[in-house]
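One structure is given below, encoded as structure tokens.
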Amino acid sequence: MNSSLVGNQSGRPFCLLAISYLETINFCLLEVVIIVFLMVLIISGNIIVIFVFHCAPLLNHHTTSYFIQTMAYADLLVGVSCLVPSLSLLHYPIVLSESLVCQIFGYVVSVLKSVSMASLACISIDRYIAITKPLTYNTLVTPWRLRICILIIWLYSCLVFLPSFHWGKPGYHGDVFQWCANSWNTDPYFTLFIVVMLYAPAAFIVCFTYFNIFRICQQHTKEINERRVRFSSQDGEAGEAQPCPDKRYAMVLFRITSVFYILWLPYIIYFLLESSNVYSNRVASFLTTWLAISNSFCNCVIYSLSNSVFQKGLKRLSGAICASCARQRVAKDSCTSRSKRSSNGCHV
């Protein structure tokens, strides 16, 4: 990537991906395409999720909907914030200095991703309580406790990344800015602080709760099948072992968690390697960063589509939109036919 620096001194734009620069275009083509594409996906996907939640009141009766909506709003803001590096890559004039914009952008995106990660951990805790303590779940998990938990998530995320303005960049959200890539370094102690305060606890909570959920579901499935075989043998019928619905739900959670860590693991590994001066590469920095940011599109889509109530709300919403479009088309056609008849009557 030294060629990028040399090229920048000769008047070329600062591009992280060397293949993105074209002689006929005075901006970083590939970076802009990737960021704008993700921005459109993230914004449109999360707007649909938020709109469905507001149009389907039944979804608000599910406790996980509080955290899913929190993720949706945080991920929507991530998509909106992607407009900042897009304008920078297009050489759009920015009023503030590049260093300040770089720091603010890195801080804001880090806070929003922390909210999203913490919400994932809270969803796993909520499901763990629902399966381990189903009789006392409604008394333990109440709406006002959920609101307090969401408020704590936002405050904690803002406080954890606040030292980034003095200790160094919190991640690689700002490397599209030249000042971020060349001057804003990551302090290894701050990296350790972020890992201990955010990444490690969130990963431990998710792994612990989903592992126990899966184990409990396997136990429930075994007990249900044993009872079914016992009763069917008494009736003289052959009993078939059928999977428990809880186990199917656990598999959905396992797939969701796998997607999350597939997208985030390269970013965390590179974050640790670069901060410890083991490995540094701008192409890897850019790709791992925006791969992790793409999780903002996957988060709510996967969680919401695994919810049968959300699917019904989405079908009702799409049906209402189609019906409204059909009524408008019929009204327009009727108005057109009336105008034609009136014009024909004038000529008679």
- prompt: Quick check: is even one residue across the stretch 16-35 at pLDDT below 80, in a helix (DSSP H, G or I) and more than 25 Å from Leu83 (Cβ to Cβ)?
  reply: no
- line: The residue that is farthest from the chain's Cα centre (by Cα), considering only those in the stretch 102-137 that are open to solvent by 40 Å² or more (accessible area, probe 1.4 Å) and of a type in the set (D, E, K, R), is Lys133
query: If Glu240 satisfies every condition in (1) modelled with pLDDT of 70 or more; (2) not in a helix (DSSP H, G or I) but one, which is the exception?
result: (1)
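Could you tell me whether Gly7 is at pLDDT 75 or above, small (Gly, Ala, Ser) and surrounded by 14 or more Cβ atoms within 10 Å (Cβ to Cβ)? Don't jump to the end; show me each part of the working.
Values: at pLDDT 75 or above: no; small (Gly, Ala, Ser): yes; surrounded by 14 or more Cβ atoms within 10 Å (Cβ to Cβ): yes.
No: the conditions fail for Gly7.
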- prompt: List pairs: first in the stretch 159-173 and crowded, with 16+ Cβ neighbours inside 10 Å, second part of a loop (DSSP other than H, G, I, E, B) and modelled with pLDDT of 85 or more, Cβ under 8 Å, 6+ apart or cross-chain?
  reply: Pro170/Phe161
field: Residue ID - surrounded by the most Cβ atoms within 10 Å (Cβ to Cβ), chosen from residues in the stretch 245-272 that are modelled with pLDDT of 65 or more and not hydrophobic (A, V, I, L, M, F, W, C)
entry: Tyr267
Pair list, Cβ under 7 Å, 6 or more apart: the stretch 112-141 residue in contact (Cβ under 8 Å) with a residue 40 or more places away in the chain, other residue open to solvent by less than 50 Å² (accessible area, probe 1.4 Å) and part of a loop (DSSP other than H, G, I, E, B): Ser114/Phe161; Asp126/Thr63; Asp126/Val141; Val141/Thr63
- prompt: Tell me, which residue of the stretch 204-229 that is surrounded by 16 or more Cβ atoms within 10 Å (Cβ to Cβ) and without any contact (Cβ under 8 Å) to a residue 24 or more places away in the chain is nearest to Ser114 (Cα to Cα)?
  reply: Ile224
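The values are calculated or read from the model by the stated rules, or taken from the named source; none is laboratory data. Here the structure is a predicted model, which is why all the values come from computation and not from measurement. FYI the Cβ positions are ideal-geometry reconstructions off the backbone, even for glycines, and counts take in every protein chain you see. Just so you know, the surface numbers come from the protein's heavy atoms only, side chains and all, with ligands and any DNA or RNA stripped out. Shrake-Rupley method; radii C 1.70, N 1.55, O 1.52, S 1.80 Å.
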